[in-house]
Structure formats: structure tokens, C-alpha cells
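Enquirer: Input: one structure, supplied below.
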Amino acid sequence: MRVGLTGGIASGKSTVSKLLAECGAVIVDSDKIAREVVEPGTPGLAAVVEEFGPSVLTESGELDRAKVGEIVFADEGARERLNAIVHPLVGARSAELEEAARTAGRLVVNDIPLLVEVDYAPFFDEVIVVDVPVETQIERAVARGMAEADVRARISAQASREDRLAAATYVIDNTGSLEDLEKRVREIYDSLAGTRS
Ligand SMILES: CC(C)(COP(=O)(O)OP(=O)(O)OC[C@H]1O[C@@H](n2cnc3c(N)ncnc32)[C@H](O)[C@@H]1O)[C@@H](O)C(=O)NCCC(=O)NCCS
Ligand SMILES: Nc1ncnc2c1ncn2[C@@H]1O[C@H](COP(=O)(O)OP(=O)(O)OP(=O)(O)O)[C@@H](O)[C@H]1O
């Protein structure tokens with residue numbers, strides 16, 4: 001059984017992942033892998049530099065994430081070109097990690113912020129969507145230090161709340177307290193771990 005977890009920016013995916021891990025699941029984190037595949041010395045970073053030029057590197061030769069973010073969240077074409085480089089690399093690495101965890105007999109949950117955007121829902125038996133209104137996403141992202149305009153640019157680059165909910169087999173309403181969230185996550189873990197095959 002393949003399980004995906006998704007939600008818009010600052011919806012609470014990382015918090016849900018942490019809670020699922022505490023229950024016993026193995027989390028395959030796409031955001032983290034998306035950073036690893038463009039670390040210095042990787043073919044991923046070389047491909048990004050080839051496409052966007054050496055100005056996307058910091059002085060120490062790392063990907064300048066703030067700079068790339070400025071480019072790709074203001075320009076859909078540029079975002080598609082970046083996605084076309086990074087997403088296949090993320091997919092391949094995720095599959096390796098998922099296979100290893102599955103062999104160990106654990107429930108594996110793929111945390112994929114862009115699961116709906118990239119049309120991966122058909123590849124999953126279960127899709128958990130963490131759902132909050134856009135205003136809550138903005139409030140929580142701003143509370144964490146992002147500028148409101150940057151949050152809005154990312155939300156505009158993502159699927160609508162409706163499209164995400166349409167792909168869900170489990171919805172986590174994360175407008176309540178963290179205790180509410182914990183209870184709901186436990187419920188979903190028990191349901192998934194019970195039906196795992
Ligand atoms: C553009 C980049 C360099 C900006 O880096 P930065 O450190 O500022 O953001 P970070 O990677 O932590 O992403 C934060 C959030 O932004 C959103 N986001 C990231 N990339 C994208 C994208 N291509 N389209 C829409 N939303 C995105 C997601 O909600 C993500 O959780 C980086 O996000 C990136 O390399 N994106 C392309 C790869 C990708 O799609 N990653 C997301 C999951 S695989
Ligand atoms: N139920 C809740 N009540 C209050 N704050 C919450 C709740 N759930 C999550 N948060 C807070 O909201 C912020 C965003 O949560 P989290 O980092 O889990 O989201 P995310 O979807 O992983 O974000 P990103 O897309 O940026 O990776 C965090 O500061 C988190 O502590």
C-alpha cells in the first residue's frame with residue numbers, strides 16, 4: 001500500500017509527519033530530498049546551473065535558494081524548467097528510500113507538498129490531505145518569519161484547496177489545536193497500519 005501526505009505551504013505537513021513518525025511510520029520527505037539532490041557536487045546542481053546560469057550559486061558554491069525562489073515563484077515557465085530538473089531526481093531517490101523502509105515492514109508515508117500539482121495521486125492508494133483555509137496558511141507562515149507576499153506567491157504556484165481535497169482519501173482539518181491534530185493523526189495511523197498489506 002502506498003500512502004501520500006500533502007497540503008499547501010504551512011498547512012501542517014511537517015507537524016503531521018512528525019506525529020506519524022512518533023506512531024511508528026517511516027516518512028519519506030520530498031522537500032528534504034529536493035534539497036539533497038541539488039547539494040554541491042551533484043548532477044542535479046550542475047543541471048540547474050546549466051539552465052539558470054552561475055548567478056544562482058552562492059559564493060561558496062551552494063544553490064542560492066532565496067534567489068531561485070525569487071525567480072521561479074514569479075515566473076511559471078522558469079518554475080516548470082526547475083521542476084523538470086528536480087522532480088525526476090526526487091522521484092527516483094524517494095522510490096529507493098520507500099523500498100528500503102517497506103522491506104523493513106514499516107508503514108511508509110510519502111510527504112509530498114506538490115503531490116496534487118504533479119498529478120501523483122493515481123500512484124497512491126491513500127492520500128492524506130492536511131487542510132486549512134488560505135488565511136490560516138498565511139497567518140502561520142508569517143508567524144514563522146515569511147513575508148506575506150512570499151507566502152502568497154507560493155500559494156498561487158500551488159493547487160487550490162478544492163483540487164487537493166478532491167484527491168484526498170483522508171482529510172486532516174488542521175484548524176483546531178495541536179491536541180486535536182494529534183488525535184486525528186493517531187486515528188489515521190491506526191486505520192492505515194491496520195489495513196496495511
Ligand atoms: C525554489 C526553491 C529553491 C526555494 O527554496 P526555499 O528554501 O525557499 O523553499 P523550500 O524548498 O523549503 O520550499 C518551501 C515550500 O515552497 C513550496 N514549493 C517549493 N517548490 C515549489 C514549486 N516548484 N511549486 C510550488 N510550490 C513550491 C512548497 O510548499 C514547499 O514546501 C525550492 O523550493 C526548490 O528547489 N523547488 C523546486 C523543487 C520542488 O518542487 N520542491 C518541492 C517538493 S519536491
Ligand atoms: N493546529 C495547529 N495550531 C497552531 N499552529 C500550528 C498547528 N499546526 C501547525 N502549526 C504551526 O504552523 C506552522 C506550519 O506547520 P508545518 O511546518 O507543520 O507546516 P508545513 O505544511 O510542513 O509547512 P511547509 O509547507 O512550509 O513545509 C508551524 O509553525 C507549526 O508549528
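The values are calculated or read from the model by the stated rules, or taken from the named source; none is laboratory data. Because the structure is predicted, anything quoted here is derived from the model rather than measured. No Cβ is skipped: glycine too gets one built from the backbone with ideal geometry, and neighbour counts run over all protein chains shown. Quick note on the areas: whole protein, heavy atoms, side chains included, nothing else; ligands and nucleic acids left out. Shrake-Rupley method; radii C 1.70, N 1.55, O 1.52, S 1.80 Å.
Enquirer: Given the options GLU135, GLU162, GLU139, name the one that is open to solvent by 70 Å² or more (accessible area, probe 1.4 Å), acidic (Asp, Glu), near ligand 2 (Cβ under 9 Å from one of its atoms) and within 25 Å of VAL72 (Cβ to Cβ).
Expert: Being open to solvent by 70 Å² or more (accessible area, probe 1.4 Å), acidic (Asp, Glu), near ligand 2 (Cβ under 9 Å from one of its atoms) and within 25 Å of VAL72 (Cβ to Cβ) holds for just one of GLU135, GLU162, GLU139, which is GLU139.
Here is a yes/no grid of residues against (1) touching a Lys or Arg at 6+ places or on another chain (Cβ under 8 Å); (2) under 26 Å from LEU20 (Cα atoms):
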{"site": "ARG79", "(1), (2)": "no, no"}
{"site": "HIS87", "(1), (2)": "no, yes"}
{"site": "LEU97", "(1), (2)": "no, yes"}
{"site": "ASP125", "(1), (2)": "yes, yes"}
{"site": "VAL130", "(1), (2)": "yes, yes"}
{"site": "GLU135", "(1), (2)": "no, yes"}
{"site": "ASP150", "(1), (2)": "no, no"}
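Enquirer: Looking at (1) assigned by TED's automatic domain parsing to the domain that holds ASP163; (2) farther than 20 Å from ASP150 by Cα; (3) under 16 Å from the mean Cα position of the chain (by Cα), can you tell me which one VAL132 breaks?
Expert: So VAL132 meets the others, but not (2).
Enquirer: From the list ILE9, ILE112, ILE85, which one is modelled with pLDDT of 95 or more, outside the structural domain of ASP173 (by TED's automatic domain parsing) and of a type outside the set (D, E, K, R)?
Expert: Only one candidate qualifies: ILE85.
Enquirer: Sort out which residues of segment 92-129 are open to solvent by less than 70 Å² (accessible area, probe 1.4 Å), free of Cβ contacts under 8 Å to residues at least 40 places away in the same chain and over 12 Å from the mean Cα position of the chain (by Cα), and write them in order of number.
Expert: Scanning segment 92-129 gives ALA92, ALA95, ALA100, GLY105.
Enquirer: I've got another one for you. Which of the helices (runs of 4 or more DSSP H) contained wholly in segment 8-84 include at least 3 residues that are near ligand 1 (Cβ under 8 Å from one of its atoms)?
Expert: Hits in segment 8-84: 30-36, 65-72.
Enquirer: Residues in segment 71-127 that are of a type in the set (Asp, Glu), over 18 Å from SER156 (Cβ atoms) and more than 16 Å from ligand 2 (Cβ to nearest atom): how many?
Expert: Adding up the residues that qualify gives 6.
Enquirer: Right, next: Quick test of your reading of the structure: GLY41 fulfils all but one of (1) open to solvent by 40 Å² or more (accessible area, probe 1.4 Å); (2) on the phi < 0 side of the Ramachandran plot. Name the failing condition by number.
Expert: Exception for GLY41: condition (2).
Enquirer: Give the residues of segment 140-191 that are within 16 Å of ligand 1 (Cβ to nearest atom) and among the polar types (S, T, N, Q), sorted by residue number.
Expert: Across segment 140-191, the qualifying residues are SER156, GLN158, SER160, ASN174.
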